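The values are calculated or read from the model by the stated rules, or taken from the named source; none is laboratory data. Note that the structure is predicted; figures quoted are calculated from it, not measured. Counting neighbours? That spans all protein chains shown, and the Cβs are built from the backbone with ideal geometry, glycine included. Note: accessible area is taken over every heavy atom of the protein model, side chains too, but ligands, DNA and RNA are not part of it. Shrake-Rupley method; radii C 1.70, N 1.55, O 1.52, S 1.80 Å.
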2 protein chains.
Amino acid sequence: MPYYGYFNGVITPVDQIGVGVTDLGLLRGYGLFDYFLTYGGKPFQWDLYWARFQRSAERMNLPLPLTKEQTYPILMDLLARSGQPDVAFRFLMTGGYAPDSISIVTPNLLILSEPIHPTPDWQYERGIRVILDEYVREMAEVKSTDYKRVMLLNSTIREAGAQDVLYHKDGEISELSRSNIFLVIGNRLVTPNRNILYGVTRRTILDLAKADFQLEKRPVLLSDLYEANEVFTTSTNKKVLPIVHIGDLQIADGQVGPVSKQLLARFHAFTGKQ
Amino acid sequence: MPYYGYFNGVITPVDQIGVGVTDLGLLRGYGLFDYFLTYGGKPFQWDLYWARFQRSAERMNLPLPLTKEQTYPILMDLLARSGQPDVAFRFLMTGGYAPDSISIVTPNLLILSEPIHPTPDWQYERGIRVILDEYVREMAEVKSTDYKRVMLLNSTIREAGAQDVLYHKDGEISELSRSNIFLVIGNRLVTPNRNILYGVTRRTILDLAKADFQLEKRPVLLSDLYEANEVFTTSTNKKVLPIVHIGDLQIADGQVGPVSKQLLARFHAFTGKQ
């Protein structure tokens, strides 16, 4: 069965949706999105994802055309039509169609169901490598569609045998291109608290870890990486994914560590209870 | 007659073009464009616009699917179908459809014909007002679709009774949201030479002025504005448009000056010879 999507009130197969060429997402990069999964047929952390989408829309001055209560049945409808037990959902909202190619009239809202693309097993087993890039995303706390930077770095990442990029600026690290970062230093879990997109998985991991770890949400320096016993990244799709090399630096012995494994197991257990 | 557009080899009325939802322009803001007019049925400064589009595409690692020679007849076809003596053309190229929502496979190229929206007469007669914003566009020299900043400032601009924004950083001015800036200081024409999109109209005006003015292409400071007898902005659509207020500063006596008028007249004469 095809995957279905909702576009301004109409539900059709995703590959039949066509966005007109005066859309401000296309013409002016004026768009925001969010992305989340279902587990056991239910949207995982639905309250948190919706709240973030709502905040992003507010920050971009785009009024949401649907309430949370109106949106949930649409998700359930799209899931049912997919014929799958679980799907990924993507919200995409743009500035809408602009007759003059610049003025916002009515936003366009898309809700798309998609197949889930799991992160490959080998990445959990061996950990990933990331390159460094001096950069802070504009309005990092808003889940806008602005990913020019990582797209331009794609070949550099590939040539370095890496999988992603870690942004830093003025000696301070912030986030990977589409995920957050944690350092394990002894019994402390350290994660940046500014210039980042506040990940729902980041927050979930902080909750799941708080009984056993000292949590430090604070500015984190590049030099803090030298102290780290483990580093991992968190996101909707990556869950808890170990990072073993950052630029020229090997993290500790370059192996996936026990804390990353333990937190991934806790995360799996938590999603299983959904 | 409707306006027509070209999309990956197919020509249809513009309002029938639908871009699929896995397009990286939509999903990731990964797109570039260009925009130019015909005068007397011919694309004005075609060589310069094409060269800029080509450079922008290169900088974004997107291979152009058409040569200049293949593109020109498409423009002529679109113009003829419009039934208009002159049109605006918009190139729009994105990272194309990405099954995984991030990887570039084949770019999408659109060539759209559009009605020309002339800048209102009153703006030439009275000059425009702009607000100030501390900002430099990422990759300013590339005509990417990244216009989040000005879209977010739209209501601030309106509330200030202004028409646009002048970007500056560390005391240095660069450009308006979609056009270049010139200062007239005595017999000198001063225009920023970095952190800008190198406008074709900017270059045309520099050519048209060089016999009678001393040209200074250099970093320009906010404080240089105090010295200016006139300020104007240039772009494809604005041509030579006087600016009479910048933030709280009135330029000279707040009236449209003779140099702006003279250069606009020269520009009109030049386009008339097309």
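Counting only other chain Cβ atoms within 10 Å of each residue's Cβ, the peptide B:59-66 averages 1. Distance between the modelled labels on B:Asp15 and A:Ala160, one decimal in nanometres: 4.9 nm (7 Å Cα→Cβ projection). Of B:Tyr4, B:Tyr30, B:Tyr72, the order by accessible heavy-atom surface (1.4 Å probe, DNA, RNA and ligands excluded), from most exposed downward, is B:Tyr72, B:Tyr4, B:Tyr30.
For chain A, no complete DSSP H run has alpha carbons reaching 30 Å or more along its own long axis together with a mean Kyte-Doolittle score of 1.0 or higher. Computed about the Cα centre, the dipole magnitude for region B:1-123 is approximately 200 debye when only Lys and Arg (+1) and Asp and Glu (-1) carry charge, each at its Cβ. Just checking the listed ones, B:Gln262, B:Gln70, B:Gln45: in the Gaussian network model of chain B with Cα springs under 10 Å, the one fluctuating most is B:Gln70.
Quickly estimate the mean residue ellipticity at 222 nm for the protein assembly as shown, helices only: each DSSP H run with n ≥ 4 gives -39500 (n - 2.57), and the total goes over all residues, rounded to 500. Mind showing how you got there, number by number?
Working: 14 runs with 154 residues, N = 548.
It lands at -8500 deg cm²/dmol.
Nearest beta carbon of chain B to the B-to-A rotation axis, with distance in whole angstrom: B:Gly18, 1.
Other protein chain C-beta atoms within 10 Å of residue C-beta, averaged over A:124-135: 0. Ordered from highest to lowest accessible area with the whole protein assembly present and a 1.4 Å probe, A:Asp77, A:Asp121, A:Asp248 read as A:Asp248, A:Asp121, A:Asp77. Per-residue shielding of B:14-23, expressed as the average number of other chain Cβ atoms within 10 Å of the residue Cβ, stands at 6.
Largest first, the three principal axis extents of the alpha carbons in the protein assembly as shown are 74, 50, 43 Å in whole numbers.
Please give me the summed charge of the neighbours of B:Ala160: other residues whose Cβ is under 13 Å from its Cβ, Lys and Arg +1, Asp and Glu -1.
-2
Looking at region B:221-274, the trypsin sites (Lys or Arg not before Pro) that sit in a DSSP loop and have at most 12 other Cβ atoms within 10 Å of their own Cβ are B:Lys273. Along the axis of the charge dipole computed for the protein assembly as shown (Cβ charges of +1 for Lys and Arg, -1 for Asp and Glu, origin at the Cα centre), the listed residues B:Tyr35, A:Pro242, A:Gly41 are led at the positive end by A:Gly41.
Taking the Cα centre of the protein assembly as shown as the origin, how large is its charge dipole in debye, to the nearest 20, when only Lys and Arg (+1) and Asp and Glu (-1) carry charge on their Cβ atoms? Walk me through the numbers before you get to the answer.
On the way: 58 positive and 60 negative charges, 56 e Å.
My answer is approximately 280 debye.
Which length gain, in nm to one decimal place, applies between B:His268 and B:Arg203 when the Cα-Cα distance is subtracted from 0.36 nm times their residue separation? Mind showing how you got there, number by number?
On the way: separation 65, 0.36 × 65 = 23.40 nm, distance 1.48 nm.
Extra length available between B:His268 and B:Arg203 comes to 21.9 nm.
Sort A:80-86, A:13-19 by packing, meaning the average of other beta carbons within 10 Å per residue, with the highest value first.
Numbers: A:80-86: 14.6, A:13-19: 16.9.
Top to bottom by mean Cβ count within 10 Å: A:13-19, A:80-86.
In this assembly of identical copies, the label point of B:Arg158 (Cα plus 7 Å along Cα-to-Cβ) is separated from its counterparts by 4.4 nm, sorted shortest first.
Sorted from nearest, the other copies put their B:Asn193 label points 4.7 nm away, the label point being 7 Å from Cα in the direction of Cβ. Comment: the Cα-to-Cβ extended label point of B:Leu221, at 7 Å, lies 3.4 nm from its counterparts in the other copies, nearest first. The calculated FRET efficiency for the pair A:Asp212 and A:Tyr72, based on their C-beta separation and a Förster distance of 41 Å, comes to about 0.75.
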